[in-house]
1. Which pairs have Cβ atoms under 7 Å, sit 6 or more apart or on different chains, and link a residue in region 38-65 that is on the phi > 0 side of the Ramachandran plot to one that is open to solvent by 40 Å² or more (accessible area, probe 1.4 Å)?
2. Filter region 32-84 down to residues that are among the hydroxyl-bearing types (S, T, Y) and surrounded by 13 or more Cβ atoms within 10 Å (Cβ to Cβ) and give me whichever is nearest to the chain's Cα centre (by Cα).
3. So how many residues does region 22-62 have that are among the charged types (D, E, K, R), farther than 19 Å from I75 by Cα, in a loop (DSSP other than H, G, I, E, B) and modelled with pLDDT of 85 or more?
4. Collect the residues in region 5-16 that are open to solvent by less than 70 Å² (accessible area, probe 1.4 Å) and touching a Lys or Arg at 6+ places or on another chain (Cβ under 9 Å), keeping them in residue-number order.
5. Assess whether D24 counts as being acidic (D, E), open to solvent by 60 Å² or more (accessible area, probe 1.4 Å) and in contact with a Gly (Cβ under 9 Å, 6 or more places away or on another chain).
6. May I ask you to list the residues in region 2-19 that are part of a loop (DSSP other than H, G, I, E, B) and either within 15 Å of L81 (Cα to Cα) or of a type in the set (F, W, Y) (or both)?
Amino acid sequence: LRLVQAGEGPDLVVIHGALTDHRDWLGRPLAALAPHFRVTLVDRPGHGGSLRPRFEADAHAQARQIAQGLRAAAIERALVLGHS
């Protein structure tokens, strides 16, 4: 799972929509959020730099994969921001 982090403070996990990747949040959105949060931009499985196991494209499988990636990054509790 590809994660990009910036800033300091409480954890904010940002998940992009269906046809994009973490780059949707670079620039002004990240600049506005990073002074207040440790922002973690997630490339959803199968998007951007994140791989996805074959035949595991449903929302439940993606949620499991994202949760595993966040645990590996030592993010245990976070606000979650997403759009689609």
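1. Filtered contacts from region 38-65: G46/R52; G46/A57; G48/R2.
2. As a first pass, look at region 32-84 and keep what is among the hydroxyl-bearing types (S, T, Y): 40, 50, 84.
Subset that is surrounded by 13 or more Cβ atoms within 10 Å (Cβ to Cβ): 40, 50.
Working: T40: 6, S50: 10 Å.
Once the filter is applied, the top-ranked residue is T40.
3. Of region 22-62, the ones among the charged types (D, E, K, R) are 23-24, 28, 38, 43-44, 52, 54, 56, 58.
Those still in the list that are farther than 19 Å from I75 by Cα too: 23-24, 28, 52, 54, 56, 58.
Next, from what is left, pick out any that are in a loop (DSSP other than H, G, I, E, B): 52, 54, 56, 58.
If we keep only those that are modelled with pLDDT of 85 or more as well, we get none.
Summing the residues that are among the charged types (D, E, K, R), farther than 19 Å from I75 by Cα, in a loop (DSSP other than H, G, I, E, B) and modelled with pLDDT of 85 or more in region 22-62 gives 0.
4. The first filter runs over region 5-16 and keeps only residues open to solvent by less than 70 Å² (accessible area, probe 1.4 Å), leaving 6-7, 9, 11-16.
Matches in region 5-16: A6, G7, G9, D11, L12, I15, H16.
5. Details: acidic (D, E): yes; open to solvent by 60 Å² or more (accessible area, probe 1.4 Å): yes; in contact with a Gly (Cβ under 9 Å, 6 or more places away or on another chain): yes.
Yes; evaluated as a whole, the condition is true for this residue.
6. Narrowing region 2-19 to residues part of a loop (DSSP other than H, G, I, E, B): 2, 7-10, 16-19.
Those that are part of a loop (DSSP other than H, G, I, E, B) and either within 15 Å of L81 (Cα to Cα) or of a type in the set (F, W, Y) (or both): P10, H16, G17, A18.
The values are calculated or read from the model by the stated rules, or taken from the named source; none is laboratory data. Bear in mind that the values here come from a model prediction, so they are computed numbers and not experimental data. When we count neighbours, we look across all protein chains shown, and the Cβ atoms used for this are built from the backbone with ideal geometry, even at glycine. Calculation scope for accessible area: heavy atoms of the full protein, side chains included, ligands and nucleic acids excluded. Shrake-Rupley method; radii C 1.70, N 1.55, O 1.52, S 1.80 Å.
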